[in-house]
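Values quoted throughout were computed directly from the atomic coordinates according to the rules given, and no laboratory measurement underlies them. Note that the coordinates shown come from a computational prediction; the quantities given were computed from them, not determined experimentally. Note that each Cβ is placed from the backbone with ideal geometry, even for glycine, and that neighbours are counted across all protein chains shown.
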Amino acid sequence: MADPVLLEVRDGVATITLNRPEAMNSLDVATKERLRDVVAAVAEDPEARAVVLTGSGRAFCVGQDLKEHVAILRGPDRDSLFRTVEEHYNPIVTALASMPKPVVCAVNGVAAGAGVSLALACDLRVLSDSAGFNFAFAGIALSCDTGTSWTLPRLVGREKALELLYLPTTVPATEAVEMGLAGRVVPADELQATTHALAARLATGPTAALGAIRRSVAYAAEHSFTDALAFEASMMTATGATEDHAAAVDSFLAKEKPVFRGR
């Protein structure tokens, strides 16, 4: 049986690939467990200085595997269906959203339900022109999960978020960018190269500083201006003590381009 989640770490970039193309990368229990473990490992890996999340085949991820969902729903362990949010989805999305390094999502095709949620937890999203987002939860009479209630309104505003959740329909790639759900659209045959170039640039950056910026932006979303300033100050103190900062200052004085080590 093929590994449902592939991991490659090369040149500072950890690429996580959902690998169930025959099932449009839907998330069965085995895939969720593997993805949870892979994302947690990448978050702690000092060799992974930037992360790419993508899918294989024609879809990015269509969310919960509904065939397995129905089988469990009609079986003796029905309650396990809804433990999956706490046991799988929440740990996965928390690790994606909080790891101290930049995360890029290469959306290679349709993303639906929890698949969209995983994409929104990343810092940057690069979409294939064949990609689309569908917040499909209400279509199967379920609430949203995997962080969508937090990420979506912050990207598009409360009213638009509710519209997308109440009335699920596929949002094409270009429209997704226009409404703020993603940063850019590229032709399908350029997605891999574009994403790799972006991630490679991030991986050669000052990792501790990028992680601190990520933490600061997340902190500010939930705290007052005064608290955000105090947190910024703490992050400035921490990054000011890094080897990368010292190297950057020396390079500036020598009029050279700095080489960052990620520490």
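The table that follows gives values for the structure above.
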| item | result |
| --- | --- |
| Inter-part distance where the stretch 49-109 and the stretch 152-206 are each reduced to a Cα centre, Å | 18 |
| Among 211, 75, 57, residue whose mean-square fluctuation peaks in a GNM of the chain (springs only between Cα atoms under 10 Å) | 75 |
| Quotient of Cα Rg and 2.2 N^0.38 Å for the chain, N being how many residues it contains | 1.05 |
| Residues whose placed amide H lies under 5 Å from that of residue 53, excluding near-sequence neighbours | 16, 104, 105, 106 |
| Dimensions in Å of the stretch 161-236 - Rg and Dmax from alpha carbons | 17.2, 46 |
| Packing-based ranking, highest mean first, of 251-261, 198-208 given that Cβ atoms within 10 Å are counted | 198-208, 251-261 |
| Any cysteine of the chain lacking a neighbouring Cys Cβ under 4.7 Å - listed by number | 61, 144 |
| Average projection area in nm² (convex hull over Cα atoms of the stretch 207-253, one quarter of hull surface) | 3.3 |
| Other-chain or far-sequence residues with amide H under 5 Å of residue 20's (modelled H) | 25, 56 |
| In order through the stretch 179-195: 3J(HN,Hα) via Karplus (6.51 cos²θ - 1.76 cosθ + 1.60), integer Hz, x for Gly, Pro | 8, x, 7, 8, x, 7, 10, 9, x, 3, 6, 10, 4, 4, 5, 5, 5 |
| Rounded to whole Å, sorted largest first: equivalent-ellipsoid semi-axes of the stretch 129-263, Cα gyration tensor | 36, 22, 11 |
| Residue-by-residue Karplus 3J(HN,Hα) for the stretch 253-263, coefficients 6.51, -1.76, 1.60, Hz, glycine and proline x | 5, 8, 6, 10, 7, x, 10, 8, 9, x, 8 |
| Among beta bridges that DSSP assigns inside the chain, antiparallel share in %, nearest 5 | 25 |
| As computed over the stretch 68-200, the Cα convex hull volume per residue (Å³) | 109 |
| Cleavage-rule hits (GluC sites (Glu not before Pro)) in the stretch 184-239: DSSP loop, at most 12 neighbouring Cβ within 10 angstrom | 222 |
| Relative packing of 59-68, 99-108, which averages over residues the other C-beta atoms within 10 Å, highest first | 99-108, 59-68 |
| Where GluC sites (Glu not before Pro) fall in DSSP loop in the stretch 1-62, at most 16 other Cβ within 10 Å | 47 |
| Peptides ranked, highest mean first, by Cβ atoms within 10 Å: ranges 154-163, 173-182 | 173-182, 154-163 |
| Estimated [θ] at 222 nm from DSSP helical runs (n ≥ 4, -39500 (n - 2.57)) normalised by residues in the chain, nearest 500 | -14000 deg cm²/dmol |
